[in-house]
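Contents: one structure, followed by commentary.
Values in this text are rule-based calculations from the coordinates and carry no lab data. Just so you know, these numbers come straight off a predicted model, no measurement behind them. Positions of Cβ are generated from backbone atoms using ideal geometry, with glycine treated the same way; all protein chains shown enter the neighbour counts.
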Amino acid sequence: MKTDITTGITHLPAAEWDHLARPAGLYLSHRWLAGEEADLTATAAYALVRDDDGTLLAAAPLYLVHTEPNSSYAPPEPAPGADRPRVVAGARRGYHSAPLTDPSLPADRRTACLALLRDAARTYAAGHGTTHWWPYLTEPAAALLAPLYEAAPRPVEEDALIPLPGAGFDDYLASLPKKRRLAVRRERLEFHAAGLRVRQLPLGDCFRDTGRLLAGLQQSHGHAADSVAAMTGLLERQAESMGDRARVAAAYDGRRMVAFGLYYHFGGTTWLRAVGTDPSCPAPFAYFNVAYYLPIEDGYREGTSALHAGMRTIRAKRLRGARVTDLYALPDT
């Protein structure tokens, strides 16, 4: 097997990369990573492991971080006398990461590929006078990587995934306990009874409205730097990189957007990315409808089998059928 480190994911065939990325998720997909290269706070490179015939067997993004505006991605405290790691291995955004390996690899070859990815990350980091770490690893990914590192993976957050059984929303409802089925029906009925206009839109058609609502939500949670201009610019970049994969479930009061949920379909899963509601929104339960129920409906239309609801507000997600697992940080010491 051969190891290489390259720059610019657009030089790598999307189909080849996404063959590895589909089981790992949206935030390691070819299109998402290409969009992340526009973020000047880090320089992206990619560790590749190929078979002797050139087949891509394993891969991992590597980010040399120049400045980290997102405190949730602040690197872990190092051992005494050492510097904090400046290279992120795996996804740098999205709070969901894993090394990429060909799903058909037998266990021994997969382990060998992961060791080569670790060595490539060490070499790349050492060339920049630092070390690397893996943030927000899924439980299976942390278990695979743990034997290759001296430090143990450390749990940092919980991650919620809502299964979508069957073929439609009624099947999702049937999977919930009776009390929760009644609650979800009531939340949907009261939301729709408010008379808002509900639309499914590409993000490119509404990033200004969604940026305004997202900024309001972020600032209400104490993120003063997340201005309307900053959030609008962020969503505009996502719209440019993700195209029609970036979908918005939006609710309008007249001509004004008062609630939205942004999500993506990838790898058989619907990925909830962002939610925003206006304090003036007249509809009850608007947040739950744009964050869960409308994306779930679209997920069924798309043929996905789960809604990835991510971390935080875990109790609300459990009440809507989420299965919860841990996410881990793993530093190279």
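Which residue, GLY254, GLY216, ALA98, has the largest displacement toward the positive end of the dipole of the chain when charges sit on each Cβ (Lys, Arg +1; Asp, Glu -1)? Towards the positive end, the residue furthest out is GLY254. Which entry in (i) 304; (ii) 404; (iii) 138 is this structure's computed volume of the Cα convex hull per residue in Å³? Computed from the coordinates, volume of the Cα convex hull per residue in Å³ corresponds to (iii).
Give, in whole angstrom and from largest to smallest, the semi-axes √(5λ) of the equivalent ellipsoid of the range 2-156, with λ running over the eigenvalues of the Cα gyration tensor. Write down the numbers at each step before the final one.
On the way: eigenvalues 100, 66, 44 Å².
One finds semi-axes of 22, 18, 15 Å for the range 2-156.
Once backbone amide H atoms are built at 1.01 Å from N, ASP278 has ALA259 as its partners under 5 Å, excluding neighbours fewer than 5 places away on the same chain. Taking a ≥ b ≥ c as the square roots of the eigenvalues of the alpha carbon gyration tensor, the range 165-304 is oblate, as a/c is not under 1.5 and a/b does not beat b/c.
Estimated from the Cβ-Cβ distance and a Förster radius of 35 angstrom, the FRET efficiency linking SER280 and VAL324 is about 0.60.
Could you tally the net charge around LEU161, taking each other residue with its Cβ under 12 Å from the Cβ of LEU161, Lys/Arg +1 and Asp/Glu -1? Before the final figure, lay out the partial values.
On the way: positive: LYS317, ARG318, ARG320, ARG323; negative: GLU139, GLU158, ASP159.
Around LEU161, the surrounding residues sum to +1.
Measuring between their Cα centroids, the range 1-18 and the range 34-78 lie 12 Å from each other.
For the range 136-237, what does the alpha-carbon gyration tensor say about shape, rounded, prolate or oblate, given a ≥ b ≥ c as the root eigenvalues, a/c under 1.5 as rounded, and a/b over b/c as prolate? Before the final figure, lay out each step's value.
Working: a/c = 2.29, a/b = 1.15, b/c = 1.99.
Here the range 136-237 falls in the oblate category.
Using a Gaussian network model of the chain in which every pair of alpha carbons under 10 angstrom is joined by a spring, one finds that among ALA152, ALA249, ALA24 the greatest mean-square fluctuation is at ALA152.
Using Cβ point charges alone (K and R +1, D and E -1), the dipole size of the chain about the Cα centre works out to roughly 1320 debye. If you plug the beta carbon distance of SER227 and ASN70 into 1/(1 + (r/R0)^6) with R0 = 22 Å, you get a FRET efficiency near 0.90. Rounded to the nearest whole Hz, the Karplus-based 3J(HN,Hα) values (6.51 cos²θ - 1.76 cosθ + 1.60, θ = phi - 60°) of the range 93-98 follow the sequence 9, x, 6, 6, 8, 5, with x at glycine and proline. Taking the centroid of alpha carbons for each part, the range 270-333 and the range 199-216 are 17 Å apart.
With 0.36 nm allotted per residue and the present C-alpha distance subtracted, the ASP52-GLU150 stretch has 32.3 nm of extension available.
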